[in-house]
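Q: After the structure tokens below, expect a handful of questions from me.
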């Protein structure tokens, strides 16, 4: 009897998670912004040159042994950067899909580990008086398996926290 009740409770719990996952959105967007006391022309090269990311990206400091491979071009449309690291940074690559100096850059992000994913990353720089508002956003489709994980893990909070950290690092570097 107790075994039957335990199995029924487990079944109901699993069914609830699967139903909650099915109700989650098919797309996601994570976005954070910060005001930096510098003109876009000073900030953009730190974002627009993929080699400069080591100065401010929070992902660059999570694995000191991370392997990096830069393409022959690291700025502008078509520039590439690939990495392979520990479980905190995973593996993947980015390609600059569009670049409008000094106001906007769009990247195609492909993650191959720990999970396969293809997302779009946008950086926008908007002048506001003596400062620039820098926005870092990521968007993409959410497969059903990821929706199940999102029942338990708040992606906006997790990835958004990384974006906040990176934007603070970018601010500190740009305001020197």
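Q: Filtering region 140-154 down to residues that are in contact with a strand residue (DSSP E or B) (Cβ under 7 Å, 6 or more places away or on another chain) and surrounded by 15 or more Cβ atoms within 10 Å (Cβ to Cβ), which residue is modelled with the lowest pLDDT? Before the answer, list the steps.
A: Initial filter on region 140-154 (in contact with a strand residue (DSSP E or B) (Cβ under 7 Å, 6 or more places away or on another chain)): 140-142.
Now drop any that are not surrounded by 15 or more Cβ atoms within 10 Å (Cβ to Cβ), which leaves 140, 142.
Details: 140: 87, 142: 76.
Filtering first and then ranking leaves 142.
Q: Is it true that some residue in region 81-90 is touching a helix residue (DSSP H, G or I) at 6+ places or on another chain (Cβ under 8 Å), under 23 Å from residue 143 (Cβ atoms), touching a residue at least 60 places away in the same chain (Cβ under 8 Å) and surrounded by 17 or more Cβ atoms within 10 Å (Cβ to Cβ)?
A: No; the residues of region 81-90 include none that is touching a helix residue (DSSP H, G or I) at 6+ places or on another chain (Cβ under 8 Å), under 23 Å from residue 143 (Cβ atoms), touching a residue at least 60 places away in the same chain (Cβ under 8 Å) and surrounded by 17 or more Cβ atoms within 10 Å (Cβ to Cβ).
Q: A further question on this structure: Could you check, for region 46-53, whether at least one of its residues is on the phi > 0 side of the Ramachandran plot, outside any strand (DSSP E or B), surrounded by 15 or more Cβ atoms within 10 Å (Cβ to Cβ) and within 14 Å of the chain's Cα centre (by Cα)?
A: We begin by selecting, within region 46-53, every residue on the phi > 0 side of the Ramachandran plot; these are none.
Checked region 46-53: no residue is on the phi > 0 side of the Ramachandran plot, outside any strand (DSSP E or B), surrounded by 15 or more Cβ atoms within 10 Å (Cβ to Cβ) and within 14 Å of the chain's Cα centre (by Cα).
Q: Could you list, in sequence order, the residues of region 25-45 that are surrounded by 16 or more Cβ atoms within 10 Å (Cβ to Cβ) and over 16 Å from residue 168 (Cα atoms)?
A: 28, 30
Q: Next question, about the same structure. Would you check which residues across region 102-136 are touching a helix residue (DSSP H, G or I) at 6+ places or on another chain (Cβ under 8 Å), modelled with pLDDT of 95 or more and crowded, with 16+ Cβ neighbours inside 10 Å and list them?
A: 102, 105, 123, 125, 132, 134, 136
The values are calculated or read from the model by the stated rules, or taken from the named source; none is laboratory data. These figures come from a predicted structure and were not determined experimentally. Don't worry about glycine lacking a Cβ; one is built from the backbone with ideal geometry, like all the others, and counts go over all protein chains shown.
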